[in-house]
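Student: The structure follows.
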Amino acid sequence: MNGKPSANESISKLDVNGYWSLVDHEMNNHNRASFEMRSAVALAETETYGVHGTFKGLYDSGSYTITGGFDQLDVTGTRFVDIKMGPSAGNSMTYNLWQDASIFNAGLYTGMEHFVDRWTLSAGTRIDFNSADSNDPAPRFQNMDISSEHINFSVSAGVTRQLASSTTAGLYIGRGVRSPDVTERYINYLTIGRDSYEYAGNPNLEAEANNQADLVLNSEFGNFSLESTLFASYMTNYISAVINPDMQPVGMGAPGVREFQNRGDAFFSGFELGFQYSFSQNWFVGLNSSYTRAEYMDDNTPVAEIPPFESTLNIGGSILTDRILPDLSIRRVFPQTRFNEEFGENRTPGFWLVDASVSSTVYQGITLSGGVRNLLDEDYYEHLNRQFNPMENPSGGYLPEPGRRFFAELSIRF
(Lines give C-alpha, C1' and ligand atoms only; values in the text may rest on other atoms or scores of the structure.)
Protein backbone atom coordinates (compact mmCIF):
# COMPACT_ATOMS: atom_id res chain seq x y z
CA MET A 1 0.00 0.00 0.00
CA ASN A 2 2.19 2.81 -1.21
CA GLY A 3 -0.45 5.41 -0.26
CA LYS A 4 0.08 4.80 3.47
CA PRO A 5 1.75 7.81 5.11
CA SER A 6 4.90 7.75 7.18
CA ALA A 7 4.45 7.91 10.93
CA ASN A 8 6.39 11.14 11.29
CA GLU A 9 4.31 13.11 8.78
CA SER A 10 1.48 15.42 9.88
CA ILE A 11 0.84 17.92 7.08
CA SER A 12 0.83 16.84 3.46
CA LYS A 13 -0.71 19.79 1.66
CA LEU A 14 -1.84 23.34 2.29
CA ASP A 15 -3.12 25.19 -0.73
CA VAL A 16 -5.12 28.38 -1.30
CA ASN A 17 -6.00 29.65 -4.77
CA GLY A 18 -8.35 32.05 -6.47
CA TYR A 19 -9.49 32.66 -10.02
CA TRP A 20 -11.32 35.21 -12.16
CA SER A 21 -12.40 35.07 -15.79
CA LEU A 22 -14.44 37.23 -18.15
CA VAL A 23 -15.75 35.91 -21.49
CA ASP A 24 -17.34 38.26 -24.01
CA HIS A 25 -18.98 36.05 -26.64
CA GLU A 26 -20.87 36.69 -29.89
CA MET A 27 -22.93 34.22 -31.93
CA ASN A 28 -24.57 35.04 -35.26
CA ASN A 29 -26.03 33.45 -38.39
CA HIS A 30 -24.11 35.58 -40.91
CA ASN A 31 -22.57 32.54 -42.60
CA ARG A 32 -25.73 30.47 -42.66
CA ALA A 33 -28.51 30.26 -45.25
CA SER A 34 -31.05 31.75 -42.81
CA PHE A 35 -29.21 35.08 -42.99
CA GLU A 36 -31.10 35.81 -46.22
CA MET A 37 -34.35 35.87 -44.23
CA ARG A 38 -33.19 37.44 -40.98
CA SER A 39 -30.09 38.66 -39.20
CA ALA A 40 -29.65 37.20 -35.72
CA VAL A 41 -26.88 38.19 -33.30
CA ALA A 42 -26.55 36.99 -29.71
CA LEU A 43 -24.16 38.77 -27.34
CA ALA A 44 -23.26 37.19 -24.01
CA GLU A 45 -20.90 38.13 -21.20
CA THR A 46 -19.93 35.63 -18.51
CA GLU A 47 -17.94 36.53 -15.39
CA THR A 48 -16.77 33.86 -12.95
CA TYR A 49 -14.59 34.10 -9.86
CA GLY A 50 -13.94 32.20 -6.67
CA VAL A 51 -11.56 31.21 -3.89
CA HIS A 52 -10.70 27.68 -2.70
CA GLY A 53 -8.53 26.31 0.07
CA THR A 54 -7.39 22.75 0.78
CA PHE A 55 -5.67 21.25 3.83
CA LYS A 56 -4.51 17.64 3.93
CA GLY A 57 -3.27 16.07 7.12
CA LEU A 58 -1.66 12.71 7.80
CA TYR A 59 -1.63 10.36 10.74
CA ASP A 60 -0.13 6.93 11.42
CA SER A 61 -2.69 4.89 9.46
CA GLY A 62 -4.39 7.34 7.14
CA SER A 63 -5.05 10.86 5.95
CA TYR A 64 -7.81 13.46 6.05
CA THR A 65 -8.71 16.38 3.80
CA ILE A 66 -10.63 19.60 4.40
CA THR A 67 -11.59 21.76 1.42
CA GLY A 68 -13.71 24.91 1.38
CA GLY A 69 -14.45 27.78 -0.94
CA PHE A 70 -16.97 29.73 -2.95
CA ASP A 71 -17.78 30.33 -6.62
CA GLN A 72 -19.70 33.20 -8.22
CA LEU A 73 -21.16 33.20 -11.74
CA ASP A 74 -22.76 36.23 -13.46
CA VAL A 75 -24.22 35.96 -16.97
CA THR A 76 -25.84 38.58 -19.19
CA GLY A 77 -26.92 38.16 -22.80
CA THR A 78 -29.12 39.73 -25.46
CA ARG A 79 -30.31 38.49 -28.83
CA PHE A 80 -30.99 40.97 -31.66
CA VAL A 81 -33.06 39.89 -34.67
CA ASP A 82 -33.68 41.95 -37.83
CA ILE A 83 -36.27 40.45 -40.18
CA LYS A 84 -35.48 40.88 -43.90
CA MET A 85 -38.23 38.91 -45.68
CA GLY A 86 -41.91 38.09 -45.25
CA PRO A 87 -44.83 40.09 -43.85
CA SER A 88 -42.71 41.25 -40.88
CA ALA A 89 -39.82 42.48 -43.02
CA GLY A 90 -38.20 45.57 -41.57
CA ASN A 91 -39.14 44.73 -37.99
CA SER A 92 -36.60 44.15 -35.24
CA MET A 93 -36.84 42.15 -32.04
CA THR A 94 -34.72 41.96 -28.91
CA TYR A 95 -34.64 39.01 -26.51
CA ASN A 96 -33.23 38.90 -23.02
CA LEU A 97 -31.36 35.60 -23.10
CA TRP A 98 -29.76 35.24 -19.65
CA GLN A 99 -31.75 37.78 -17.61
CA ASP A 100 -28.63 39.12 -15.88
CA ALA A 101 -28.54 35.92 -13.82
CA SER A 102 -26.17 35.16 -10.98
CA ILE A 103 -25.41 32.00 -9.00
CA PHE A 104 -23.40 31.82 -5.78
CA ASN A 105 -22.18 28.55 -4.30
CA ALA A 106 -20.22 28.05 -1.07
CA GLY A 107 -19.11 24.55 -0.10
CA LEU A 108 -17.20 22.68 2.58
CA TYR A 109 -15.83 19.15 2.07
CA THR A 110 -14.23 16.79 4.56
CA GLY A 111 -12.83 13.38 3.69
CA MET A 112 -10.60 10.67 5.07
CA GLU A 113 -8.71 7.52 4.10
CA HIS A 114 -7.81 4.85 6.65
CA PHE A 115 -5.48 1.90 5.99
CA VAL A 116 -5.79 -1.44 7.81
CA ASP A 117 -3.57 -4.22 6.45
CA ARG A 118 -4.87 -4.84 2.92
CA TRP A 119 -7.99 -2.74 3.45
CA THR A 120 -8.49 0.92 2.56
CA LEU A 121 -11.50 2.66 4.07
CA SER A 122 -12.63 6.04 2.74
CA ALA A 123 -15.45 8.43 3.57
CA GLY A 124 -16.41 11.98 2.73
CA THR A 125 -19.10 14.56 3.35
CA ARG A 126 -19.89 17.82 1.63
CA ILE A 127 -22.33 20.62 2.33
CA ASP A 128 -23.15 23.38 -0.17
CA PHE A 129 -25.14 26.57 0.04
CA ASN A 130 -26.42 27.53 -3.42
CA SER A 131 -28.19 30.79 -4.19
CA ALA A 132 -29.51 32.09 -7.53
CA ASP A 133 -31.27 35.25 -8.67
CA SER A 134 -32.01 37.38 -11.73
CA ASN A 135 -31.56 41.14 -11.89
CA ASP A 136 -33.36 41.64 -15.21
CA PRO A 137 -36.16 39.06 -15.64
CA ALA A 138 -37.73 38.58 -19.07
CA PRO A 139 -41.52 39.05 -19.41
CA ARG A 140 -42.25 35.33 -19.00
CA PHE A 141 -40.39 35.27 -15.67
CA GLN A 142 -41.66 38.52 -14.15
CA ASN A 143 -44.63 36.89 -12.40
CA MET A 144 -42.54 34.01 -11.07
CA ASP A 145 -40.46 33.58 -7.94
CA ILE A 146 -37.12 33.66 -9.74
CA SER A 147 -34.78 33.54 -6.74
CA SER A 148 -33.94 30.26 -5.00
CA GLU A 149 -31.73 28.88 -2.27
CA HIS A 150 -30.60 25.28 -1.77
CA ILE A 151 -28.68 23.61 1.02
CA ASN A 152 -27.25 20.38 -0.39
CA PHE A 153 -25.71 17.60 1.67
CA SER A 154 -23.62 14.87 0.00
CA VAL A 155 -21.96 11.85 1.54
CA SER A 156 -19.84 8.94 0.28
CA ALA A 157 -18.02 5.89 1.62
CA GLY A 158 -15.90 3.16 0.13
CA VAL A 159 -13.85 0.10 0.93
CA THR A 160 -10.99 -1.33 -1.11
CA ARG A 161 -9.39 -4.74 -0.60
CA GLN A 162 -6.10 -5.88 -2.06
CA LEU A 163 -6.93 -9.46 -3.03
CA ALA A 164 -3.46 -10.23 -4.34
CA SER A 165 -0.27 -8.34 -5.13
CA SER A 166 -1.75 -7.18 -8.44
CA THR A 167 -5.52 -7.44 -7.85
CA THR A 168 -7.71 -4.88 -6.09
CA ALA A 169 -11.48 -4.82 -5.56
CA GLY A 170 -13.49 -1.90 -4.26
CA LEU A 171 -17.06 -1.05 -3.34
CA TYR A 172 -18.16 2.60 -3.22
CA ILE A 173 -21.52 4.11 -2.32
CA GLY A 174 -22.57 7.70 -2.15
CA ARG A 175 -25.20 10.37 -2.49
CA GLY A 176 -24.37 13.51 -4.44
CA VAL A 177 -26.70 16.49 -4.69
CA ARG A 178 -26.41 19.29 -7.22
CA SER A 179 -28.41 22.44 -7.75
CA PRO A 180 -29.58 23.34 -11.27
CA ASP A 181 -27.09 25.40 -13.25
CA VAL A 182 -27.64 28.85 -14.75
CA THR A 183 -28.85 27.44 -18.09
CA GLU A 184 -31.43 25.16 -16.48
CA ARG A 185 -32.71 28.02 -14.36
CA TYR A 186 -32.60 31.12 -16.56
CA ILE A 187 -32.03 30.47 -20.28
CA ASN A 188 -34.72 32.31 -22.24
CA TYR A 189 -35.71 30.84 -25.63
CA LEU A 190 -32.36 29.96 -27.18
CA THR A 191 -31.29 26.95 -29.27
CA ILE A 192 -28.56 25.37 -27.15
CA GLY A 193 -29.19 21.61 -27.42
CA ARG A 194 -28.51 18.84 -29.91
CA ASP A 195 -31.63 19.71 -31.91
CA SER A 196 -33.48 22.75 -33.26
CA TYR A 197 -35.72 23.31 -30.23
CA GLU A 198 -35.48 26.47 -28.20
CA TYR A 199 -34.77 25.98 -24.50
CA ALA A 200 -36.44 27.75 -21.59
CA GLY A 201 -35.21 27.81 -18.02
CA ASN A 202 -37.15 27.12 -14.86
CA PRO A 203 -36.04 28.94 -11.68
CA ASN A 204 -38.30 26.71 -9.55
CA LEU A 205 -36.30 23.54 -10.17
CA GLU A 206 -35.45 21.35 -7.19
CA ALA A 207 -31.93 20.07 -6.60
CA GLU A 208 -31.09 16.77 -8.32
CA ALA A 209 -29.75 13.89 -6.19
CA ASN A 210 -27.73 10.89 -7.35
CA ASN A 211 -27.59 7.78 -5.11
CA GLN A 212 -24.99 5.48 -6.61
CA ALA A 213 -23.04 2.30 -5.92
CA ASP A 214 -19.90 1.22 -7.84
CA LEU A 215 -18.10 -2.10 -7.81
CA VAL A 216 -14.56 -1.81 -9.18
CA LEU A 217 -12.07 -4.57 -10.00
CA ASN A 218 -8.52 -3.96 -11.25
CA SER A 219 -6.12 -6.81 -11.91
CA GLU A 220 -2.90 -7.74 -13.68
CA PHE A 221 -1.81 -11.30 -14.49
CA GLY A 222 1.49 -11.32 -16.29
CA ASN A 223 0.79 -9.93 -19.74
CA PHE A 224 -2.93 -9.51 -19.03
CA SER A 225 -4.57 -6.50 -17.33
CA LEU A 226 -8.23 -5.89 -16.51
CA GLU A 227 -10.20 -2.84 -15.39
CA SER A 228 -13.95 -3.16 -14.77
CA THR A 229 -16.67 -1.10 -13.14
CA LEU A 230 -20.29 -2.01 -12.45
CA PHE A 231 -22.59 0.78 -11.34
CA ALA A 232 -26.19 1.37 -10.31
CA SER A 233 -27.69 4.78 -9.71
CA TYR A 234 -31.05 5.97 -8.42
CA MET A 235 -31.63 9.63 -9.24
CA THR A 236 -34.35 11.77 -7.69
CA ASN A 237 -35.69 15.02 -9.15
CA TYR A 238 -33.86 14.21 -12.39
CA ILE A 239 -33.57 17.37 -14.50
CA SER A 240 -34.40 17.10 -18.19
CA ALA A 241 -35.54 19.41 -20.99
CA VAL A 242 -39.15 18.42 -21.72
CA ILE A 243 -41.11 19.58 -24.77
CA ASN A 244 -43.81 21.94 -23.52
CA PRO A 245 -46.63 22.26 -26.10
CA ASP A 246 -48.05 25.28 -24.25
CA MET A 247 -44.94 27.35 -25.01
CA GLN A 248 -44.37 28.86 -28.43
CA PRO A 249 -40.87 29.51 -29.84
CA VAL A 250 -39.86 33.09 -30.57
CA GLY A 251 -37.54 32.27 -33.48
CA MET A 252 -38.41 31.14 -36.98
CA GLY A 253 -37.89 27.45 -37.77
CA ALA A 254 -37.80 26.12 -34.21
CA PRO A 255 -40.25 23.18 -33.94
CA GLY A 256 -41.07 23.97 -30.31
CA VAL A 257 -39.73 24.79 -26.85
CA ARG A 258 -38.06 22.52 -24.35
CA GLU A 259 -38.54 23.60 -20.75
CA PHE A 260 -36.23 22.32 -18.03
CA GLN A 261 -38.25 20.32 -15.51
CA ASN A 262 -37.76 17.87 -12.67
CA ARG A 263 -38.85 14.92 -14.80
CA GLY A 264 -38.99 12.53 -11.83
CA ASP A 265 -36.96 9.65 -10.46
CA ALA A 266 -34.75 7.58 -12.77
CA PHE A 267 -32.69 4.41 -12.45
CA PHE A 268 -29.33 4.06 -14.24
CA SER A 269 -27.21 0.92 -14.45
CA GLY A 270 -24.34 -0.23 -16.58
CA PHE A 271 -20.71 -1.13 -16.82
CA GLU A 272 -17.31 -0.16 -18.19
CA LEU A 273 -14.92 -2.96 -19.09
CA GLY A 274 -11.39 -2.81 -20.42
CA PHE A 275 -8.63 -5.33 -20.83
CA GLN A 276 -5.25 -5.44 -22.51
CA TYR A 277 -3.01 -8.34 -23.44
CA SER A 278 0.62 -8.00 -24.47
CA PHE A 279 1.31 -10.99 -26.69
CA SER A 280 4.95 -9.99 -27.18
CA GLN A 281 7.34 -7.40 -25.86
CA ASN A 282 6.35 -4.94 -28.56
CA TRP A 283 2.72 -5.73 -29.45
CA PHE A 284 -0.57 -5.53 -27.55
CA VAL A 285 -4.31 -5.89 -28.09
CA GLY A 286 -6.94 -4.13 -26.00
CA LEU A 287 -10.72 -4.07 -25.79
CA ASN A 288 -12.87 -1.40 -24.11
CA SER A 289 -16.66 -1.63 -23.77
CA SER A 290 -19.32 0.49 -22.08
CA TYR A 291 -23.08 0.36 -21.67
CA THR A 292 -25.69 2.37 -19.77
CA ARG A 293 -29.38 1.56 -19.34
CA ALA A 294 -31.59 4.30 -17.91
CA GLU A 295 -35.34 4.59 -17.42
CA TYR A 296 -37.85 6.65 -15.48
CA MET A 297 -39.44 4.91 -12.52
CA ASP A 298 -42.98 6.25 -13.02
CA ASP A 299 -43.64 4.84 -16.51
CA ASN A 300 -40.47 2.82 -17.38
CA THR A 301 -39.77 4.96 -20.44
CA PRO A 302 -36.09 5.34 -21.42
CA VAL A 303 -34.17 8.42 -20.30
CA ALA A 304 -33.20 10.61 -23.24
CA GLU A 305 -29.70 11.17 -24.61
CA ILE A 306 -28.17 7.88 -23.44
CA PRO A 307 -25.52 6.47 -25.83
CA PRO A 308 -25.84 2.81 -26.93
CA PHE A 309 -23.57 -0.12 -26.12
CA GLU A 310 -20.21 0.13 -27.85
CA SER A 311 -16.83 -1.62 -27.95
CA THR A 312 -13.46 -0.60 -29.32
CA LEU A 313 -10.66 -3.02 -30.23
CA ASN A 314 -7.13 -1.60 -30.38
CA ILE A 315 -4.10 -3.35 -31.82
CA GLY A 316 -0.79 -1.56 -31.53
CA GLY A 317 2.90 -2.02 -31.10
CA SER A 318 6.33 -0.82 -32.07
CA ILE A 319 8.82 -1.49 -34.86
CA LEU A 320 12.53 -0.74 -35.03
CA THR A 321 12.99 -0.27 -31.28
CA ASP A 322 9.98 2.01 -30.73
CA ARG A 323 10.87 4.24 -33.67
CA ILE A 324 7.68 3.41 -35.57
CA LEU A 325 4.37 2.94 -33.70
CA PRO A 326 1.45 1.53 -35.76
CA ASP A 327 -2.10 1.44 -34.36
CA LEU A 328 -5.36 -0.05 -35.59
CA SER A 329 -8.71 0.82 -33.99
CA ILE A 330 -11.96 -1.04 -34.72
CA ARG A 331 -15.04 0.46 -33.07
CA ARG A 332 -18.45 -1.18 -33.03
CA VAL A 333 -21.45 0.90 -31.96
CA PHE A 334 -24.69 -1.05 -31.64
CA PRO A 335 -28.15 0.31 -32.56
CA GLN A 336 -29.84 2.38 -29.87
CA THR A 337 -33.28 0.83 -29.60
CA ARG A 338 -34.08 2.47 -26.25
CA PHE A 339 -35.01 6.05 -27.10
CA ASN A 340 -37.39 8.60 -25.66
CA GLU A 341 -40.10 9.55 -28.15
CA GLU A 342 -41.46 12.22 -25.80
CA PHE A 343 -38.06 13.90 -26.01
CA GLY A 344 -38.15 13.68 -29.80
CA GLU A 345 -35.55 10.92 -30.15
CA ASN A 346 -35.52 8.20 -32.78
CA ARG A 347 -33.86 4.83 -33.18
CA THR A 348 -30.19 5.11 -34.14
CA PRO A 349 -28.62 2.45 -36.40
CA GLY A 350 -25.34 0.79 -35.45
CA PHE A 351 -22.09 1.11 -37.36
CA TRP A 352 -18.48 -0.05 -37.67
CA LEU A 353 -15.62 2.43 -37.63
CA VAL A 354 -12.03 1.53 -38.53
CA ASP A 355 -9.08 3.90 -38.06
CA ALA A 356 -5.43 3.17 -38.86
CA SER A 357 -2.40 5.28 -38.06
CA VAL A 358 1.36 5.19 -37.67
CA SER A 359 3.58 7.61 -35.77
CA SER A 360 7.30 8.13 -35.36
CA THR A 361 9.52 10.34 -33.25
CA VAL A 362 11.73 11.96 -35.87
CA TYR A 363 13.64 14.03 -33.33
CA GLN A 364 13.55 14.70 -29.61
CA GLY A 365 10.14 16.27 -28.91
CA ILE A 366 9.03 16.09 -32.57
CA THR A 367 6.53 13.40 -33.64
CA LEU A 368 5.25 12.80 -37.16
CA SER A 369 2.05 10.78 -37.58
CA GLY A 370 -0.38 9.96 -40.34
CA GLY A 371 -3.10 7.56 -41.35
CA VAL A 372 -6.70 7.19 -42.38
CA ARG A 373 -9.89 7.69 -40.41
CA ASN A 374 -13.12 5.90 -41.29
CA LEU A 375 -11.21 3.46 -43.47
CA LEU A 376 -14.40 1.70 -44.63
CA ASP A 377 -16.01 5.01 -45.66
CA GLU A 378 -18.96 4.23 -43.38
CA ASP A 379 -22.07 6.43 -43.58
CA TYR A 380 -22.87 6.84 -39.89
CA TYR A 381 -23.94 9.23 -37.16
CA GLU A 382 -23.76 9.15 -33.38
CA HIS A 383 -26.89 8.86 -31.26
CA LEU A 384 -26.11 12.19 -29.58
CA ASN A 385 -25.44 14.08 -32.81
CA ARG A 386 -27.17 17.40 -33.22
CA GLN A 387 -30.02 17.44 -35.74
CA PHE A 388 -30.15 19.76 -38.73
CA ASN A 389 -32.28 22.87 -38.65
CA PRO A 390 -35.40 21.87 -40.65
CA MET A 391 -35.59 25.38 -42.14
CA GLU A 392 -32.17 24.94 -43.76
CA ASN A 393 -32.18 21.21 -44.54
CA PRO A 394 -35.74 19.82 -44.46
CA SER A 395 -34.64 16.36 -45.59
CA GLY A 396 -32.07 15.88 -42.85
CA GLY A 397 -32.97 14.55 -39.42
CA TYR A 398 -29.45 13.77 -38.30
CA LEU A 399 -25.90 15.03 -38.67
CA PRO A 400 -23.62 12.49 -40.37
CA GLU A 401 -19.95 12.18 -39.52
CA PRO A 402 -17.25 12.63 -42.20
CA GLY A 403 -16.40 9.80 -44.58
CA ARG A 404 -12.98 8.39 -45.30
CA ARG A 405 -10.21 10.93 -44.83
CA PHE A 406 -6.44 10.87 -44.74
CA PHE A 407 -4.41 12.93 -42.32
CA ALA A 408 -0.86 13.90 -41.43
CA GLU A 409 0.17 15.59 -38.19
CA LEU A 410 3.36 17.09 -36.82
CA SER A 411 3.58 17.47 -33.03
CA ILE A 412 6.26 19.50 -31.27
CA ARG A 413 6.77 19.43 -27.52
CA PHE A 414 8.56 22.33 -25.88
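Student: Residues in the stretch 108-116: is at least one surrounded by 16 or more Cβ atoms within 10 Å (Cβ to Cβ), outside any strand (DSSP E or B) and acidic (Asp, Glu)?
Tutor: Within the stretch 108-116 (the criterion being surrounded by 16 or more Cβ atoms within 10 Å (Cβ to Cβ), outside any strand (DSSP E or B) and acidic (Asp, Glu)), the answer is no, since none of the residues qualifies.
Student: Are there any pairs, at least 6 apart or on different chains, whose C-beta atoms fall under 9 Å, with the first in the stretch 307-325 and modelled with pLDDT of 95 or more and among the charged types (D, E, K, R) and the second part of a loop (DSSP other than H, G, I, E, B) and open to solvent by less than 50 Å² (accessible area, probe 1.4 Å), and if so, which?
Tutor: Glu310/Gly350
Student: How about the stretch 166-188: which of its residues are open to solvent by 20 Å² or more (accessible area, probe 1.4 Å) and closer than 23 Å to Asp214 by Cβ?
Tutor: Ser166, Thr168, Ala169, Leu171, Tyr172, Ile173, Gly174, Arg175, Gly176, Val177, Arg178
Student: Among the candidates Ser233, Ser156, Ser134, which residue alone is within 24 Å of Trp98 (Cβ to Cβ) and among the hydroxyl-bearing types (Ser, Thr, Tyr)?
Tutor: Ser134
Student: Spot the failing condition for Val216; the list is (1) closer than 22 Å to Ala294 by Cα; (2) assigned to a loop (DSSP other than H, G, I, E, B); (3) of a type outside the set (S, T, N, Q), and only one is missed.
Tutor: (2)
Student: Select the strands (runs of 3 or more DSSP E) contained entirely in the stretch 293-369, then report the ones holding at least 3 residues which are under 27 Å from Arg404 (Cα atoms), hydrophobic (A, V, I, L, M, F, W, C) and open to solvent by less than 50 Å² (accessible area, probe 1.4 Å).
Tutor: Values: elements: 310-317, 324-333, 351-363.
The qualifying strands (runs of 3 or more DSSP E) are 351-363.
Student: Can you tell me which residues in the stretch 5-16 are open to solvent by 70 Å² or more (accessible area, probe 1.4 Å) and at pLDDT 90 or above?
Tutor: Leu14, Val16
Student: Right, here's the next one. Could you check Asn237 against (1) open to solvent by 40 Å² or more (accessible area, probe 1.4 Å); (2) touching a residue at least 24 places away in the same chain (Cβ under 8 Å); (3) assigned to a loop (DSSP other than H, G, I, E, B) and say which number it fails?
Tutor: The number of the failed condition is (3).
Student: For the stretch 126-147, which positions are open to solvent by 20 Å² or more (accessible area, probe 1.4 Å), of a type in the set (Ser, Thr, Tyr) and part of a strand (DSSP E or B)?
Tutor: Ser131
The values are calculated or read from the model by the stated rules, or taken from the named source; none is laboratory data. Because the structure is a prediction, the values reported are computed rather than measured. Positions of Cβ are backbone-derived with ideal geometry, glycine not excepted, and every protein chain shown enters the neighbour counts. Quick note on the areas: whole protein, heavy atoms, side chains included, nothing else; ligands and nucleic acids left out. Shrake-Rupley method; radii C 1.70, N 1.55, O 1.52, S 1.80 Å.
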